[in-house]
Amino acid sequence: MEWGNWCSCLWLLIDSAIANTRIFLQIQAEQGSFAAYPWGFTGNNVVREPYTQRTTSPLSDALSRDLRRRGMRFFGSTTAYSWLQAVGIISAHGPECDSACAK
């Protein structure tokens, strides 16, 4: 890859980070907190699902679709699914997991 193309990619990522931050702040202002936004997709309930090796779900599809509609970039359904698991909105644990969520 030529240096010019590499620079263009970096600027796209930097520009997206700035734009995504503005969208994040807009959602925060609308909802009162950013945490209220994703929980609104579930009615404030944890989504418990059996462990499978999936990378997306209908919830992550809906969240990523809404964020794209708002103009957010580089936040697809796979990223949304991982993030939803990380913050505890989706709980998908195998039976061998000691997590209290699995019981």
All but one of (1) of a type in the set (S, T, Y); (2) outside any helix (DSSP H, G or I); (3) surrounded by 15 or more Cβ atoms within 10 Å (Cβ to Cβ) hold for T52; which doesn't? (3)
Within segment 66-89, count every residue that is in a loop (DSSP other than H, G, I, E, B), more than 14 Å from I23 (Cβ to Cβ) and of a type outside the set (V, I, T). 2
Can you pull out the residues in segment 55-65 that are exposed (fewer than 15 other Cβ atoms within 10 Å of the Cβ) and assigned to a loop (DSSP other than H, G, I, E, B)? T55
Those residues that are exposed (fewer than 13 other Cβ atoms within 10 Å of the Cβ), of a type outside the set (D, E, K, R) and not in a loop (DSSP other than H, G, I, E, B), I need them from segment 30-49; list them, please. G40
Pairs, please: C-beta under 6 Å, at least 6 apart or cross-chain, first residue surrounded by 11 or more Cβ atoms within 10 Å (Cβ to Cβ) and in segment 5-28, second not in a helix (DSSP H, G or I) and not β-branched (V, I, T)? S16/R73; S16/F74; N20/M72; I23/R70; I23/G71; I23/M72; I27/F34; Q28/F34
Among S60, S82, S77, which is within 24 Å of L25 (Cβ to Cβ), of a type outside the set (D, E), free of Cβ contacts under 8 Å to residues at least 40 places away in the same chain and touching a Phe, Trp or Tyr at 6+ places or on another chain (Cβ under 6 Å)? S60
For segment 54-103, give me each residue that is of a type in the set (A, V, I, L, M, F, W, C) and modelled with pLDDT under 90. A92, C97, A100, C101, A102
Flagged in segment 85-94 as in contact (Cβ under 8 Å) with a residue 12 or more places away in the chain and loosely packed, with under 13 Cβ neighbours inside 10 Å, in numbering order, are V87, G88, G94
So for segment 76-89 (the condition being of a type in the set (V, I, T) and in contact with a Pro (Cβ under 7 Å, 6 or more places away or on another chain)), does at least one residue qualify? yes
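The values are calculated or read from the model by the stated rules, or taken from the named source; none is laboratory data. Small disclaimer: the values here were computed from a predicted structure and weren't measured. Counting neighbours? That spans all protein chains shown, and the Cβs are built from the backbone with ideal geometry, glycine included.
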